[in-house]
1. Please compute the alpha carbon radius of gyration of the stretch 52-154, then divide it by the globular-protein estimate 2.2 N^0.38 Å. Two decimals is fine.
2. Express in nm, to one decimal, how much length is gained between ASP50 and THR29 on full extension, taking 0.36 nm for each residue of separation and deducting their alpha carbon distance.
3. Calculate the dipole size of the chain relative to its Cα centre from +1 charges on Lys and Arg beta carbons and -1 charges on Asp and Glu beta carbons; express the result in debye to the nearest 20.
4. Could you give me the ³J(HN,Hα) list for the stretch 88-96, computed from phi with Karplus coefficients 6.51, -1.76, 1.60 and θ = phi - 60°, whole Hz, x at Gly and Pro?
5. Only Cα pairs within less than 10 Å get springs; with that Gaussian network setup on the chain, which residue of PRO169, PRO16, PRO114 has the largest fluctuation?
6. For Kirkwood radius over Cα pairs in Å, which listed value, (1) 17.7; (2) 20.7; (3) 18.7, comes from the coordinates shown?
7. Identify which of ALA132, ALA173, ALA32 has the largest mean-square fluctuation in a Gaussian network model of the chain, with springs joining Cα atoms closer than 10 Å.
8. Suppose the chain between ARG62 and ASP146 were pulled fully straight at 0.36 nm per residue; how much longer would it get relative to their current alpha carbon spacing?
Amino acid sequence: MPAIDPDLKRAIVRLPENEKDKLLLRLITKDALLLERLQFELIEHGQTVDERRMVIREFIDRTVRLKQDSAGWIMMDMRTISGYITRHGKVTKDKYGEVELGMYMLNSFFEERPDQLRTYNSRTDKCALYIAKRTDQILKKLLKLDPDYFVEFADDMNSLLHRVHTYCPAHYARQLGLPKEFE
């Protein structure tokens, strides 16, 4: 994004309030993420984080129950869900929720679709790589949280790490150096 010229900056500051308001409202409507973030902060006062997490959790549950007949379809569904989780994080700045929802998503797919994710082959290659990388991202985000949260996430993370090292992503998990256990 280009820097604002200092003369332009001063001119904008000197604009009448109603002109600034009109410009601001026009600019905000062009950025959907900013609009949603302002809605969350100014209207919802940041108090709807749990409800937003629950909506994504329900979406994960509905998506996991769909009949994906291949690892490719599973990966596409995971990518869609990951987009919603990322957007949730950008809107709410909810790092805890990003970690929780990410682990919930991956564990849910392993629980509901073990047959499609069990063995590594050419059909599961891309999905296996995606799962291993996503697990690595979640683990890194988890390690950035306050250590007090580690106890809450230990069981889910250990379950995820066990599955990643046992099922089709095992090869990529070793390549990425994912631990076998979260301590």
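The values are calculated or read from the model by the stated rules, or taken from the named source; none is laboratory data. What you see is a predicted model, and the numbers here were worked out from it, not measured in a lab. Cβ atoms come from the backbone with ideal geometry, glycine included; neighbour counts cover every protein chain shown. Heavy atoms of the whole protein, side chains included, go into the accessibility calculation; ligands, DNA and RNA do not. Shrake-Rupley method; radii C 1.70, N 1.55, O 1.52, S 1.80 Å.
1. That works out to 1.07 for the stretch 52-154.
2. Working: separation 21, 0.36 × 21 = 7.56 nm, distance 2.60 nm.
Contour length minus Cα-Cα distance gives 5.0 nm.
3. On the way: 31 positive and 30 negative charges, 159 e Å.
Here the size comes out at about 760 debye.
4. 4, x, 5, 6, 9, 6, 8, 5, 4
5. PRO16
6. Comparing each candidate, only (3) matches the computed number.
7. ALA32
8. Values: separation 84, 0.36 × 84 = 30.24 nm, distance 3.10 nm.
Gain on stretching ARG62 to ASP146: 27.1 nm.
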